[in-house]
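Okay, so here's the structure we're looking at.
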Amino acid sequence: MTAKPQLVLDLAGVLVSNFSSAFWLTLAEGSEISFQDIRVKFDEVRRDLWTGKMKEDEFWGWMSLRMKQINKEEARELITQTLQPLPGLNHLAQWSEIADIHVLSNHCKEWLEPILEKVEPYARSITISNQVGLRKPDLQIYKHVVKQFERSELTVVYVDDQEKNLKPAIDLGWKTLLADQEHKWIEQVGPMLVTNVL
């Protein structure tokens, strides 16, 4: 039996929405810190959070020092509400019939549990950055995913919504697709997996 091609999918911006402005605006309500300042502050710690150097509880403690009104449980619930399923999520069952699916995401796993429950039945592996201490576009996290492949010489199709994250995949010889906001990329996945060409 011929081994299946490998389909590697980013999560945020591909299968589920990225953080929306509504999340940051709601956090800023009743606080002395502005919407823009919260986003800037988050960018200061994003790398440590995404690589697990800063634990999720530590992040909320860090945020509480900057926002007097923050409630950790309410903020977690708000994140869950913000991460809305995207159309690509509906195609996992179909794609899993012709490819082994792998998820590769820069994120905090604790915030993704509801989405991961929908992904897990179709995924051969799930790599979340804060669980492995690496983040995209570090080549090592892509190599971590390669270890999950049945064989290393298999055809790989990789989808991400950020162009900077495609370069390491290209360096590894993977076929790549940039996820667009209109979700037109979905139509290209099937043919790429069947023909193994871009």
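Determine which single condition Glu97 fails, assuming it passes every other condition in (1) more than 20 Å from His183 (Cα to Cα); (2) of a type in the set (D, E, K, R); (3) crowded, with 16+ Cβ neighbours inside 10 Å. Of (1) more than 20 Å from His183 (Cα to Cα); (2) of a type in the set (D, E, K, R); (3) crowded, with 16+ Cβ neighbours inside 10 Å, only one is false for Glu97: (3). When Asn106 is tested against the conditions (1) surrounded by 20 or more Cβ atoms within 10 Å (Cβ to Cβ); (2) out of contact with any Leu (no Cβ under 7 Å at 6 or more places or on another chain); (3) among the polar types (S, T, N, Q); (4) farther than 14 Å from Val8 by Cβ, the lone failure is (4). Residues considered: Leu166, Leu134, Leu89. Of these, the only one that is assigned to a helix (DSSP H, G or I), open to solvent by 10 Å² or more (accessible area, probe 1.4 Å), in contact with a helix residue (DSSP H, G or I) (Cβ under 9 Å, 6 or more places away or on another chain) and modelled with pLDDT of 95 or more is Leu89. Taking the conditions (1) closer than 21 Å to Leu49 by Cβ; (2) free of Cβ contacts under 8 Å to residues at least 60 places away in the same chain in turn, Glu117 satisfies each one other than (1).
Annotation note: Cβ proximity below 9 Å between a residue of segment 20-48 that is without any contact (Cβ under 8 Å) to a residue 24 or more places away in the chain and a residue that is of a type in the set (A, V, I, L, M) and open to solvent by 60 Å² or more (accessible area, probe 1.4 Å) (sequence gap 6+ or interchain) occurs for Phe35/Leu25. Would you confirm whether any residue within segment 144-160 is open to solvent by 10 Å² or more (accessible area, probe 1.4 Å) and touching a Leu at 6+ places or on another chain (Cβ under 6 Å)? Among the residues of segment 144-160, not one is open to solvent by 10 Å² or more (accessible area, probe 1.4 Å) and touching a Leu at 6+ places or on another chain (Cβ under 6 Å), which makes the answer no.
Which of the residues spanning segment 36-65 are surrounded by 15 or more Cβ atoms within 10 Å (Cβ to Cβ) and more than 16 Å from His107 (Cβ to Cβ)? Asp37, Ile38, Arg39, Lys41, Trp62, Met63 - these are the residues of segment 36-65 that are surrounded by 15 or more Cβ atoms within 10 Å (Cβ to Cβ) and more than 16 Å from His107 (Cβ to Cβ). I'm trying to understand the selection: among the residues of segment 174-190, which are at pLDDT 95 or above and in a loop (DSSP other than H, G, I, E, B)? Scanning segment 174-190 gives Trp174, Ala179, Asp180, Glu182, His183, Lys184, Trp185.
The values are calculated or read from the model by the stated rules, or taken from the named source; none is laboratory data. The structure displayed is predicted, hence computed values, not measured ones. Here Cβ is always computed from backbone atoms with ideal geometry, including for glycine, and neighbour counts include all displayed protein chains. The protein model used for the area step is the full one, side chains on, heavy atoms only, and it has no ligands, DNA or RNA in it. Shrake-Rupley method; radii C 1.70, N 1.55, O 1.52, S 1.80 Å.
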